[in-house]
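The values are calculated or read from the model by the stated rules, or taken from the named source; none is laboratory data. Everything numeric here is computed off the predicted structure, so don't read it as measured data. Cβ placement follows ideal geometry from the backbone for every residue including glycine, while neighbour counts extend to all protein chains displayed.
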Amino acid sequence: MKIFAIGDLHLSFSCAVEPPHWEEARTYKPMDIFGTEWRLHYRKLYENWHRVVGEQDLVLLPGDISWAMKLAEATCDLDFIGLFPGLIVAVAGNHDFWWQSLARVRAALSPNMRAIQNDHLLFGDTAICGSRGWFSPGDENFGESDLKIYRRELVRMENSLKSVGPAAKNIIVMTHFMPTNVRHEENEMVEILQRYSVDTVVYGHLHGAASRQQLPQEAWGIRFRLVSADFLDFTPAFIMDTNGR
């Protein structure tokens with residue numbers, strides 16, 4: 001099984017999508033206001049995903065899935081993701097306001113999609129863990145309200161990693177936010193990742209010029225991979241093959 005990752009789909013469909021009839025797709029938040037690379041990005045995403053991902057593969061989706069404010073408003077976006085090959089495992093992003101009651105979210109997901117929150121999923125000997133994360137201490141304008149959220153996300157991340165049993169030989173973590181501040185200073189989140197011997201971290205959130213703030217691809221004995229959709233030209237990034245190839 002191959003493992004891929006891509007985040008920040010930022011979907012906003014107001015009606016069902018039936019590829020290849022893209023001319024009938026309707027969105028309430030066109031993403032090309034953020035740059036021409038986002039024009040019809042959902043079509044590029046669909047076509048590239050089908051080109052590289054197989055039905056037996058796993059795709060990690062670290063947040064910012066839908067612009068919907070309520071779960072019912074995310075239906076068309078989730079149904080669209082249901083058209084993609086592979087098993088998709090997701091955590092929430094900071095714009096996923098529709099992601100509230102975990103039980104209701106899981107019930108609304110398409111059959112090819114799973115959600116992680118305070119737990120993990122095991123595929124062979126590879127465990128997938130994660131939490132949304134948050135801005136890190138030392139980031140610009142980081143305040144008391146941010147510290148409260150940051151500490152809550154530390155607990156959620158540790159809960160997820162604690163849930164992993166001895167059968168796991170590899171641990172991959174998804175988090176929407178880069179797990180350090182922009183100066184890449186070691187912090188409590190990094191310490192947790194080290195404590196549980198995490199192999200790889202995939203994260204999103206950074207777009208455009210901000211992608212230059214990404215972490216090195218290896219630090220503190222951990223592999224890091226920025227997988228924001230626009231950074232990847234809307235093509236899922238290959239992370240590893242569980243068969244060792």
If you go through segment 93-108 one residue at a time, do you hit one that is over 22 Å from Phe135 (Cβ atoms), surrounded by fewer than 16 Cβ atoms within 10 Å (Cβ to Cβ) and touching a residue at least 40 places away in the same chain (Cβ under 8 Å)?
no
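Modelled with pLDDT under 95, over 17 Å from the mean Cα position of the chain (by Cα) and within 23 Å of Gly35 (Cβ to Cβ): does that describe Ala209? Give the derivation first.
Details: modelled with pLDDT under 95: yes; over 17 Å from the mean Cα position of the chain (by Cα): yes; within 23 Å of Gly35 (Cβ to Cβ): yes.
When the stated conditions are applied, Ala209 passes them.
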Provide a single number: the residues in segment 150-198 that are at pLDDT below 95, surrounded by fewer than 15 Cβ atoms within 10 Å (Cβ to Cβ) and either polar (S, T, N, Q) or within 25 Å of Val59 (Cβ to Cβ) (or both).
3
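Listed here are the residues, each with its yes/no results for (1) under 16 Å from Asp230 (Cβ atoms); (2) within 18 Å of the chain's Cα centre (by Cα).
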position	(1), (2)
Leu61	yes, yes
Ala72	no, no
Ile81	no, yes
Ile88	no, yes
His95	yes, yes
Val105	no, yes
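Per-residue answers, yes or no, for (1) more than 25 Å from Ile171 (Cα to Cα); (2) basic (Lys, Arg):
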residue	(1), (2)
Gly35	yes, no
Arg39	yes, yes
Leu45	yes, no
Arg51	yes, yes
Leu60	no, no
Gly63	no, no
Glu73	yes, no
Asn118	no, no
So how many residues does segment 24-46 have that are surrounded by 15 or more Cβ atoms within 10 Å (Cβ to Cβ) and either in contact with a strand residue (DSSP E or B) (Cβ under 8 Å, 6 or more places away or on another chain) or acidic (Asp, Glu) (or both)?
4
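Let's see how each residue does on (1) over 12 Å from Phe177 (Cα atoms); (2) free of Cβ contacts under 8 Å to residues at least 24 places away in the same chain:
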position: Met189; (1), (2): no, no
position: Ile192; (1), (2): yes, no
position: Asp199; (1), (2): yes, no
position: Arg212; (1), (2): yes, yes
position: Arg225; (1), (2): no, no
position: Ser228; (1), (2): no, no
position: Leu232; (1), (2): yes, no
position: Ile239; (1), (2): yes, no
Restricted to segment 199-221 and to residues being touching a helix residue (DSSP H, G or I) at 6+ places or on another chain (Cβ under 9 Å) and under 27 Å from His10 (Cβ atoms), the residue surrounded by the fewest Cβ atoms within 10 Å (Cβ to Cβ) is Gly208
From the residues in segment 54-78 that are in contact with a strand residue (DSSP E or B) (Cβ under 6 Å, 6 or more places away or on another chain) and assigned to a loop (DSSP other than H, G, I, E, B), which one is nearest to His120 (Cα to Cα)?
Gly63
Say we look at segment 16-38 and pick out the residues that are part of a helix (DSSP H, G or I), of a type in the set (D, E, K, R) and within 20 Å of Asp64 (Cβ to Cβ); which of these is modelled with the highest pLDDT?
Glu37
